[in-house]
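I have placed the structure first, in the form of structure tokens, so that the comments after it can refer back to it.
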Amino acid sequence: MKAIINGKIITKEGILIGKSIVFDKKIVDIIDESLINKYNCEEKIDADENYVFPGFIDIHIHGSGGSDTMDGSIEALENISKTIAAKGVTGFLAATMTMDKSRILNVFDAVRKAMNIGLPGAEILGIHMEGPFVSMEKMGAQNPKYIMKPDYDLVKDYLDVIKIITLAPEEDENYDFIKKLNKDVVLSIGHTNASYEEAMESIENGISHATHTFNAMTPLNHRAPGAVGAIMNSDITCELIADCIHVHPGAFSLLINVKGYEKVILITDSMRAGCIKDGNYEFGGQEVIVKNGVARLKNNALAGSVLTMNVALKNIMENTKLNLSQASYMISQNPANLLGLGDKKGSISIGKDADLVILDEKYEVKKTICDGNIIWDKGDGLK
């Protein structure tokens, strides 16, 4: 049994002060600090008056620390897992790219193995399949050579590990793919040239989520509301890359005010250059230049990001009127709910997994705890 003491605990109801979190693999109790001796805690972790957040869940990350999901190896997934633990992430979906079928299937196999054996840092929760079912007109950094129509045969044997599939619904004839899969995985509109009408019809047929809202989709216009208009005018959940590059800070509040913070999920969309220096990198088989923290293809198209989850939280707090509890919901509880894990993860509640992050007032990570174990300590690095 362990305990976190002397912290400011972030919950949906507000910030708890003078309380301790008692945990092993699960959160056992949230108790007055004066009563902590009720439990025989082998370790007391002093939060030093810093914030204690529920662990961050990134449902859309391609890579970090020099590794990418499409490397298709356990070693790459381990490196990503360790690197993002230092930024407060306790759970993530490994995002794929539009590449050759054999490369995609190799990633599926690697992620399945990683889920079975476990990783040393953040927990891998499955796959976000981004591509190859995308629009040629809104492909962004996806490789046009491998774009294809939605194909059930490509995914049918991996529905145990695929948690989200991004697709351009206008490419799905009669919405057959959407109708077939909408009970098995989260189907997300993204990289789409759909009109407002097409997007709304796809939502009626089973689309329940939106991939990096505003980016790589038809924009909002008063005469052609586009995919963005359909996202705003429906109750689906939506992702937001809050890096102040992919999306203007003013649009953070616009989306949150329209959708409500309980429908918006912060993501990084990070590629392999995350957490390391600027330079030339590979992303989905294409060369990417990272300069001043911005990742672009040679044609100047944005190519993922180098955003981290703690910085996404910081940007939301600095550019919206949300409080810490509300912002925390967007980075922990909302993604947990989307993945059907809301009763196990996403908040600091008795009985939930002991996935916790200690942050200072500058949003720097001091410690990351996953499944009751310290996986990152700023003083010692990876545990």
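The values are calculated or read from the model by the stated rules, or taken from the named source; none is laboratory data. It should be emphasised that the depicted structure is a prediction, and the values quoted were computed from it without experimental measurement. Ideal geometry is used to build each Cβ from the backbone, glycine not excepted, and the neighbour counts take in all protein chains shown.
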When segment 1-25 is examined, which residues are found to be surrounded by 15 or more Cβ atoms within 10 Å (Cβ to Cβ) and either out of contact with any helix residue (DSSP H, G or I) (no Cβ under 7 Å at 6 or more places or on another chain) or over 21 Å from Asp360 (Cβ atoms) (or both)? Lys2, Ile4, Asn6, Gly7, Lys8, Ile9, Lys12, Leu16, Ile21, Val22, Phe23
Can you confirm whether segment 175-182 contains a residue that is surrounded by 22 or more Cβ atoms within 10 Å (Cβ to Cβ) and assigned to a helix (DSSP H, G or I)? yes
Taking segment 145-161 on its own, how many of its residues are loosely packed, with under 12 Cβ neighbours inside 10 Å, at pLDDT 95 or above and basic (Lys, Arg)? 0
Val228 - would you say it is assigned by TED's automatic domain parsing to the domain that holds Arg103, free of Cβ contacts under 8 Å to residues at least 40 places away in the same chain, part of a helix (DSSP H, G or I) and in contact with a helix residue (DSSP H, G or I) (Cβ under 8 Å, 6 or more places away or on another chain)? no
Filtering segment 356-370 down to residues that are among the basic types (Lys, Arg) and touching a strand residue (DSSP E or B) at 6+ places or on another chain (Cβ under 6 Å), which residue is farthest from Ser81 (Cα to Cα)? Lys366
Filtering segment 126-144 down to residues that are modelled with pLDDT of 95 or more and either not in a loop (DSSP other than H, G, I, E, B) or not assigned by TED's automatic domain parsing to the domain that holds Val290 (or both) yields Gly126, Ile127, His128, Met129, Glu130
What do you reckon, is Asn233 surrounded by fewer than 19 Cβ atoms within 10 Å (Cβ to Cβ) and touching a residue at least 24 places away in the same chain (Cβ under 8 Å)? yes
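For segment 186-194, does any single residue satisfy the condition of being assigned to a helix (DSSP H, G or I) and either touching a residue at least 60 places away in the same chain (Cβ under 8 Å) or farther than 21 Å from Phe92 by Cβ (or both)?
Within segment 186-194, none of the residues are assigned to a helix (DSSP H, G or I) and either touching a residue at least 60 places away in the same chain (Cβ under 8 Å) or farther than 21 Å from Phe92 by Cβ (or both).
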Looking at the structure I just gave you, is Leu159 in contact with a Ser or Thr (Cβ under 8 Å, 6 or more places away or on another chain) and aliphatic (A, V, I, L, M)? no
Look at Leu181 and say whether it is without any contact (Cβ under 8 Å) to a residue 40 or more places away in the chain and out of contact with any Ser or Thr (no Cβ under 9 Å at 6 or more places or on another chain). yes
Mind checking which strands (runs of 3 or more DSSP E) fall wholly inside segment 31-118 and carry at least 1 residues that are of a type in the set (S, T, N, Q) and modelled with pLDDT of 95 or more? 89-95
The lone condition Val185 fails out of (1) within 19 Å of Pro150 (Cβ to Cβ); (2) among the β-branched types (Val, Ile, Thr); (3) in contact with a Phe, Trp or Tyr (Cβ under 7 Å, 6 or more places away or on another chain) is (3)
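Has segment 351-358 got at least one residue that is crowded, with 16+ Cβ neighbours inside 10 Å, among the charged types (D, E, K, R), part of a loop (DSSP other than H, G, I, E, B) and in contact with a helix residue (DSSP H, G or I) (Cβ under 7 Å, 6 or more places away or on another chain)?
Within segment 351-358, not a single residue is crowded, with 16+ Cβ neighbours inside 10 Å, among the charged types (D, E, K, R), part of a loop (DSSP other than H, G, I, E, B) and in contact with a helix residue (DSSP H, G or I) (Cβ under 7 Å, 6 or more places away or on another chain).
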Residue in segment 9-30 that is farthest from Asp377 (Cα to Cα), counting only those that are outside any strand (DSSP E or B) and either assigned by TED's automatic domain parsing to the domain that holds Val89 or in contact (Cβ under 8 Å) with a residue 40 or more places away in the chain (or both): Glu13
